[in-house]
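See below for the structure under consideration.
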Amino acid sequence: MNILWDFDGTLFNTYPALVKGFIHLSGKDLDPNEVLKWLKVNSKVAFQHYGIEESQRQEYIKLYNQYSFNSQPFEHLEEVLQVADDNFIVTHRDKESTLFLLEKFKLLHYFKVIVSVEEEGFTRKPHAASYQHVIKDYPIDLVIGDRELDLIPARELGIKTVAFENPDIEADFHLDSYADFKMNVLPFL
């Protein structure tokens, strides 16, 4: 079984860093819970909601990468990585910070391919091009993500989906903890 993963909010709990970077960028005293709600939709929608110019995206990326160096992988993640034959990442995060966190927690060896969407010239998710890039060389049996935009391309390509820590999005399976993967997902693949 091959699994394609999102990174932020799926492999690592980077939302505290994403929220902190967003609030810093806005220069306002925003409610972190409200910011998180909008970021869970996607950053483009959050930018629009708070009136932040898209031209500030690179500054935002720099901020949240800086703040995310202390982010942790989710509990029981490694158990799921070990079950898969091969794991892949498609992320909007830059490759350097992705590799840094994976190496820091000794998880890099689990991943066969890591695609940094913007650095490699793909249109941002939910566009399916980055997923198609992976599946042209490797069959993917499951996509795990925490936002709708992570799962839309998988559904378009006929791949089963897992929504992580987000019961409000359409998915074949929903998980609040990776401890439940072997019991609630694996038998049904």
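The values are calculated or read from the model by the stated rules, or taken from the named source; none is laboratory data. These figures come from a predicted structure and were not determined experimentally. With ideal geometry, Cβ positions are generated from the backbone for all residues, glycine too; neighbour counts draw on all protein chains shown.
See the values below:
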quantity: Candidates Q56, Q72, Q82 - the one that is touching a residue at least 24 places away in the same chain (Cβ under 8 Å), under 15 Å from T10 (Cβ atoms) and surrounded by fewer than 15 Cβ atoms within 10 Å (Cβ to Cβ); calculated: Q72
quantity: Verdict on K106 being within 23 Å of P73 (Cα to Cα), surrounded by 19 or more Cβ atoms within 10 Å (Cβ to Cβ) and of a type in the set (K, R); calculated: no
quantity: Residue match in the stretch 93-108 (condition: of a type in the set (A, V, I, L, M), assigned to a strand (DSSP E or B), closer than 23 Å to K40 by Cβ and under 16 Å from the mean Cα position of the chain (by Cα)); calculated: no
quantity: Flag for K182 being more than 24 Å from E59 (Cα to Cα), assigned to a strand (DSSP E or B), among the basic types (K, R) and over 13 Å from the mean Cα position of the chain (by Cα); calculated: no
quantity: Filter result (on the phi > 0 side of the Ramachandran plot and either crowded, with 20+ Cβ neighbours inside 10 Å or touching an Asp or Glu at 6+ places or on another chain (Cβ under 7 Å) (or both)) within the stretch 120-171; calculated: E165
quantity: Condition met for V41 (among the β-branched types (V, I, T), closer than 23 Å to L175 by Cβ and either modelled with pLDDT of 95 or more or in contact with a Lys or Arg (Cβ under 8 Å, 6 or more places away or on another chain) (or both)); calculated: yes
quantity: Of residues in the stretch 141-167 being among the hydrophobic types (A, V, I, L, M, F, W, C) and over 16 Å from the mean Cα position of the chain (by Cα), the one nearest to F7 (Cα to Cα); calculated: I159
quantity: Check on V117, modelled with pLDDT of 95 or more, among the aliphatic types (A, V, I, L, M) and surrounded by 16 or more Cβ atoms within 10 Å (Cβ to Cβ); calculated: no
